[in-house]
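A quick write-up on the structure given underneath.
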Amino acid sequence: MHDPHSERMSPTEQRATAGLAAVFAFRMLGMFMVLPVMATYGLELTDATPVLIGLAIGAYGLTQALLQIPFGMLSDRIGRMPVIYAGLLIFALGAGVAALSDSIWGVIAGRILQGAGAISAAVMALLSDLTREQHRTKAMASIGMSIGLSFALAMIVGPLLTRAFGLAGLFWATAVMALLGLLIIALLVPRPSRSLQTREAGVARQALGATLRHAELLRLDFGIAALHAILMASFVALPLALVEQGGLPREEHWWVYLTAMLLGFFGMIPFIIYGEKKRQMRRVLTGAVLLLLVCELFFWQFGNGLGALLGGTVLFFVAFNLLEASLPSLVSKIAPAGGKGTAMGVYSTSQFLGAALGGLLGGALFAQGGVSAVFLGCALLAALWLIIAATMREPPYVTSLRLVLSPAALAQPDLIARIKAVPGVSDAVLVAEEAAVYVKVDKQQVDRTSLERLVNMAATC
């Protein structure tokens with residue numbers, strides 16, 4: 001029998017984490033592979049205009065934003081597996097619609113349908129069902145890494161697949177990836193013995209109002225919306241700039257993105273380490289937004305040759321990867337005890353809305369003034385974000401813990417007061433319906449084992 005307090009993941013937890021990370025990776029790979037190729041290959045579609053190409057790039061964000069929280073709540077009612085199966089089938093159907101279409105309208109419809117397969121919240125909830133408290137953060141980090149890796153691969157594989165098989169072949173490949181995700185869920189991911197409805201893994205209606213009024217969280221929500229709006233808008237213009245101003249055929253763009261993603265990934269690592277170790281994440285965040293602003297201004301003024309475009313793209317991905325990695329960590333730090341799941345739900349919705357608006361913004365600006373107008377518009381949005389980011393406070397360097405309570409511990413009237421009195425605990429909230437307490441702790445001062453010991457002692461007093 002497996003020790004519930006073991007420091008190592010059990011085989012079941014390892015299978016669950018690996019399987020769900022793969023499902024996320026396949027799905028996000030299919031979502032993002034269109035990003036580097038739509039602006040160049042999409043012009044061949046019937047009725048294509050810059051505005052409609054921008055809409056096709058970001059359209060998935062509309063339905064993702066609308067449906068991911070409701071689908072997460074639906075998975076609490078009817079179970080995780082039915083929602084995940086249905087979402088992957090809808091995603092595959094959307095890819096098929098886009099693949100069979102010769103017009104931009106069919107591709108837009110397919111992308112909207114792909115976004116309707118909004119399973120992110122249900123997958124994260126299933127991960128919570130299948131992992132123990134002490135391993136959940138590690139498991140969620142694995143999924144975060146898989147998303148980052150899939151984005152990097154999409155930037156490289158998308159141009160290569162489209163070069164070989166055209167846009168239709170690219171969309172058929174995304175349909176196959178969704179079906180592979182279905183097989184992974186069916187054959188690899190274990191079935192949960194129970195369905196946990198925790199405030200860590202899903203949106204709690206009780207916490208929604210406070211989350212939407214939380215000024216520091218709203219800054220981060222605006223930040224992720226701005227980041228993905230800038231990403232989508234930039235990729236309306238950047239592939240076209242590589243062709244027109246860099247003289248690089250669209251079939252060769254993959255090596256630019258490969259170089260930029262590799263250097264961008266390794267370039268961000270020292271800043272992440274510095275921010276966490278030295279507790280300077282506010283400085284790292286504002287510096288990355290400033291770099292993003294500088295990149296867009298550089299593209300606008302100096303992006304007239306291949307060397308300049310390549311250098312700007314490398315710096316763009318240093319900033320993008322740094323912000324993409326640090327923003328969720330900041331949400332987790334700033335969210336109140338018991339509010340992490342809700343805060344992440346609102347944050348993800350903001351991300352998808354930003355993607356949808358960014359595609360439209362990029363297409364509209366390109367139609368008005370070409371690639372220069374797009375880069376200038378992105379620079380203005382980054383400048384607004386920099387002003388907002390500069391007013392944020394240094395975040396608390398705390399981690400969220402969820403401790404399951406015995407009936408005896410739950411009955412202790414002064415339990416929360418005792419926990420809050422521990423040095424290193426910044427917040428604690430009791431959720432009676434879960435028989436659990438959520439705690440925000442500074443791990444340099446206190447750890448899970450010490451708090452569990454305190455809870456057990458309180459129960460025996």
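Against the test of being in a loop (DSSP other than H, G, I, E, B), under 27 Å from Leu360 (Cβ atoms) and in contact with a helix residue (DSSP H, G or I) (Cβ under 6 Å, 6 or more places away or on another chain), the options Ala118, Ala154 yield a single qualifying residue, Ala118. What's the number of the only condition in (1) without any contact (Cβ under 8 Å) to a residue 24 or more places away in the chain; (2) touching a Gly at 6+ places or on another chain (Cβ under 9 Å); (3) charged (D, E, K, R) that Arg27 fails to meet? Condition not satisfied by Arg27: (1). Met81: in a helix (DSSP H, G or I), surrounded by fewer than 24 Cβ atoms within 10 Å (Cβ to Cβ) and outside the structural domain of Val439 (by TED's automatic domain parsing), yes or no? Here the answer is yes, as Met81 does meet what is asked.
Among the candidates Ala288, Ala356, Ala337, the residue that is closer than 27 Å to Val437 by Cα and buried (at least 19 other Cβ atoms within 10 Å of the Cβ) is uniquely Ala337. Within region 175-224, being closer than 22 Å to Val439 by Cβ and in contact with a Leu (Cβ under 8 Å, 6 or more places away or on another chain) holds for Ala201, Thr211, Leu220. Taking the criterion of being in a helix (DSSP H, G or I), in contact with a Ser or Thr (Cβ under 6 Å, 6 or more places away or on another chain) and under 22 Å from Ile119 (Cβ atoms), would at least one residue in region 187-200 satisfy it? Looking for residues that are in a helix (DSSP H, G or I), in contact with a Ser or Thr (Cβ under 6 Å, 6 or more places away or on another chain) and under 22 Å from Ile119 (Cβ atoms), one finds none in region 187-200, hence no. The residue of region 421-446 that is farthest from Thr137 (Cα to Cα), among those that are among the charged types (D, E, K, R) and surrounded by fewer than 14 Cβ atoms within 10 Å (Cβ to Cβ), is Glu433.
Cβ-Cβ distances below 6 Å connect the following pairs, each with a first residue in region 154-180 that is assigned by TED's automatic domain parsing to the domain that holds Ala25, a second residue that is among the β-branched types (Val, Ile, Thr) and part of a helix (DSSP H, G or I), and a separation of six or more residues or different chains: Leu170/Thr162.
On inspection, Phe352 passes the criterion of being under 30 Å from Lys440 (Cα atoms), of a type in the set (Phe, Trp, Tyr) and either in contact with a helix residue (DSSP H, G or I) (Cβ under 6 Å, 6 or more places away or on another chain) or not in a helix (DSSP H, G or I) (or both). One residue alone among Gly246, Gly275, Gly267, Gly209 is without any contact (Cβ under 8 Å) to a residue 12 or more places away in the chain and out of contact with any Phe, Trp or Tyr (no Cβ under 6 Å at 6 or more places or on another chain), and that residue is Gly209. If you go through region 51-65 one residue at a time, do you hit one that is hydroxyl-bearing (Ser, Thr, Tyr), more than 16 Å from Ala98 (Cβ to Cβ) and in a helix (DSSP H, G or I)? So far as region 51-65 goes, no, none of its residues is hydroxyl-bearing (Ser, Thr, Tyr), more than 16 Å from Ala98 (Cβ to Cβ) and in a helix (DSSP H, G or I).
If only residues of region 212-229 that are in contact (Cβ under 8 Å) with a residue 40 or more places away in the chain and farther than 16 Å from Ser326 by Cβ are counted, the one that is surrounded by the most Cβ atoms within 10 Å (Cβ to Cβ) is Ala229.
Would you confirm whether or not region 230-243 contains a residue that is surrounded by 22 or more Cβ atoms within 10 Å (Cβ to Cβ), in contact (Cβ under 8 Å) with a residue 60 or more places away in the chain and either of a type in the set (D, E, K, R) or not in a helix (DSSP H, G or I) (or both)? There is no residue in region 230-243 that is surrounded by 22 or more Cβ atoms within 10 Å (Cβ to Cβ), in contact (Cβ under 8 Å) with a residue 60 or more places away in the chain and either of a type in the set (D, E, K, R) or not in a helix (DSSP H, G or I) (or both).
Quick one: would you say Ser426 is among the small types (Gly, Ala, Ser), under 30 Å from the mean Cα position of the chain (by Cα) and farther than 30 Å from Gly358 by Cα? When the stated conditions are applied, Ser426 passes them. Do you know which residues across region 14-44 are of a type in the set (A, V, I, L, M), crowded, with 22+ Cβ neighbours inside 10 Å and more than 16 Å from Ala173 (Cα to Cα)? Ala16, Leu20, Ala21, Ala39, listed by residue number.
The values are calculated or read from the model by the stated rules, or taken from the named source; none is laboratory data. Keep in mind that what you see is a predicted model, and the values were worked out from it rather than measured. Glycine also receives a Cβ, built like all others from the backbone with ideal geometry; neighbour counts cover every protein chain displayed.
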